């Protein structure tokens, strides 16, 4: 046993984090030696508090420390649009971009038969059964442009067909700041399909 | 405020770790959502335990959960050799390599006038005044081959000159598995200087 016991145990804890192996965990621990005791106690407390207090919003599935998240309970937001996203990371990404003022619905995954993830394993039923009241006019599907994303998108589209609700998806296209010369042919095809008439 | 409060506070804690910025801290936190509550409690407890129980060994300065570290208190180790290293990371590196069976002395830094680190700021006095008893026959200086390492090495060498103790340093040379064609000229010079007679 090279490390003292408490060192070894903390090492194992750090290794739970994504992308953190032995070397990085060691580096983290060595850095703790120079960090103030109080900061470490706060770190320790913050971990427990996060796990205890942060839960999925009962309406949209986003992370929150209340029953309902800040977005769902914000009366200034546009309740007529719901943006369907894969996970809470997407919500944060959209919120950081800042110009979307509608609601969200977090699926918590994508349909993927190969991984045995079926429609009932993700949060689709709630979207269809509970959230589509008379106020909702549009559902924006904002999933990754992957096979799983497309499958899930199609599935939701089918379910919404009979309802009197507009369904849209994010536009595909050339990324801002890119050079057309170096783009994937598929991206060119998508950008042509999604072209926007400007006059 | 995009994040819930407990999220934000944990984010700040993770950002204390070396090399961890906003994005990585976020990624860590999202991963916690899927980790078992018990594991997080253990993580939290491990942080506090580490900080509370792990202290520098009163003899050599290595990290330990006792008064004296496992190495200093191990009677099977060779007390006649002391290996002087920059920090505890070096001790772990040497112990992982595994064939060194002597003692260590951790300086906790290197002399660096430019950063205002003087000999009295690092753990040299203890080495000279407390550790060099009659049993000690050799001091191995194992510091990084940098300007600071060389300076510190020379300083310690001077202090040991008058004592009846052998002083050695790690050999410089070509790294195992390297290709001589691509080596630094300085490395070739060092490897020639430190050449070993084999017959």
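Things worth noting here:
- For region B:96-107, a residue qualifies if it is in contact (Cβ under 8 Å) with a residue 24 or more places away in the chain and crowded, with 16+ Cβ neighbours inside 10 Å, and the qualifying residues are B:102, B:103, B:104, B:105, B:106, B:107.
- Sole residue being closer than 20 Å to residue B:170 by Cα and either within 9 Å of chain A (Cβ to nearest Cβ) or not in a helix (DSSP H, G or I) (or both), chosen from B:82, B:20, B:71: B:82
- Residue in region A:34-41 that is more than 8 Å from chain B (Cβ to nearest Cβ) and surrounded by 14 or more Cβ atoms within 10 Å (Cβ to Cβ) present: no
- Qualifying residue in region A:19-34 (condition: under 21 Å from the mean Cα position of the chain (by Cα) and not assigned by TED's automatic domain parsing to the domain that holds residue A:110): yes
- Among the residues of region A:168-183, those that are outside any helix (DSSP H, G or I), exposed (fewer than 11 other Cβ atoms within 10 Å of the Cβ) and over 23 Å from the mean Cα position of the chain (by Cα) comprise A:177, A:179.
- Residue that is in a loop (DSSP other than H, G, I, E, B), out of contact with any helix residue (DSSP H, G or I) (no Cβ under 7 Å at 6 or more places or on another chain) and within 23 Å of residue B:80 (Cβ to Cβ), where the choices are B:164, B:144, B:126: B:164
- Going through (1) within 26 Å of residue A:36 (Cα to Cα); (2) in contact (Cβ under 8 Å) with a residue 24 or more places away in the chain; (3) not assigned by TED's automatic domain parsing to the domain that holds residue B:133 one by one, residue B:71 falls short only on (1).
- Members of region A:53-65 found to be more than 8 Å from chain B (Cβ to nearest Cβ) and either part of a strand (DSSP E or B) or touching a helix residue (DSSP H, G or I) at 6+ places or on another chain (Cβ under 9 Å) (or both), listed by number: A:55, A:56, A:59, A:60, A:61, A:62
The values are calculated or read from the model by the stated rules, or taken from the named source; none is laboratory data. Since this is a predicted model, take the numbers as computed values, not measurements. Virtual Cβ from ideal backbone geometry, glycine too; neighbours counted across all protein chains shown.
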